Amino acid sequence: MAMTYPHPGVRVPKPEAAWKVGELARRTGLTVRALHYYDEIGLLTPSGRTPSGHRLYELADVERLQQIQSLRLMGFPLDEVKRLLDGASLSPRRVIDLHLTRLQEQIAAQSRLAERLTALAIHLDRAEGVSMDDLCRMIEAMTTMEKYFTTEQLDTLRTRREGFTEQRAREVQAEWAKLIPAVRAKMEAGVAADAPEVLALARRWRSLVEEFTGGDAGISKAVMNMYQHEGPALRQQMGDSVPTPEMFAYLGKANAVLKAQG
């Protein structure tokens, strides 16, 4: 039942023509038993009958069959297919559009999976002694990113990452490792957000963020949203190298001062 009607080489009957169940089954790749079952549950009731009682399927029936098979391929169960077709008056074109949308979503998901596996393969090629825990953490981090970033944003981040040299990537990582504890120390010491040393840290923070995001405000917002919602779990894995919501608020005050200063 994986074939959708109509398919290449199949002639749709003219409005005045009608097919018996065997002919329809042969031309669509479905079984007679399946078509009988569709009739029994009220999903596809043929428009006519021969004098001897044989089912006759007309053009409208074939169009509905195409809708049924498209919805089935999208993963809808038969009872849901019946509800959709009986209640929404879906046109054949609308069902095809729904099917295309679902396929595009599946292709995008497969593409993201391919990217994730490629990234893991590259990491494994470069690293030695990678443990199962390391792999699980990498997979979890990638999955987390997909929750907060759009496909377009992930594409942008991947392109920017590819533009980094290995040397620059290590330098940025080292800078973050110093910058986050420095901001935390000033905040916990009660240093005012408009103090010169805090403003200097805020400038450096903003510079690193812009280097990572390319100045994309949407990506910056997604990063902050991710840390706010996933922070506890990330800190459990990565310790104090993960900023807290309090740090974002503290830096927000410093950035407001910088913006006012021009």
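The values are calculated or read from the model by the stated rules, or taken from the named source; none is laboratory data. Just so it is clear, the model here is predicted, and its values are computed rather than measured. All Cβ positions, even for glycine, are placed from backbone atoms using ideal geometry, and neighbour counts span all protein chains on display. Areas reflect the complete protein model, heavy atoms only, side chains present, ligands, DNA and RNA absent. Shrake-Rupley method; radii C 1.70, N 1.55, O 1.52, S 1.80 Å.
A 23 angstrom limit on the alpha carbon distance is what I want to check against. Which of LYS147/LYS221; LYS221/LYS253; LYS147/LYS186; LYS186/LYS259; LYS221/LYS259 exceed it? Beyond 23 Å between Cα atoms: LYS147/LYS186. Figure note: GLU197, GLU23 ranked by solvent-accessible area, largest first, 1.4 Å probe, ligands and nucleic acids not counted: GLU197, GLU23. In a fully extended conformation the segment linking PHE164 and ALA256 would gain 30.2 nm over its present Cα-Cα distance, using 0.36 nm per residue.
Note on ASP194/SER220: beta-carbon distance plugged into 1/(1 + (r/R0)^6) with R0 of 35 Å gives a FRET efficiency of 0.95. Full extension of the chain between GLU210 and ALA60 yields a length gain of 48.3 nm, computed as 0.36 nm times the residue separation minus the alpha carbon distance.
A straight Cα-to-Cα reach below 28 Å connects LYS82 with the lysines LYS14, LYS20, residues fewer than 8 places away in its own chain not being considered. The residues of region 20-59 expose on average 55 square angstrom of accessible surface per residue, using a 1.4 Å probe on protein heavy atoms.
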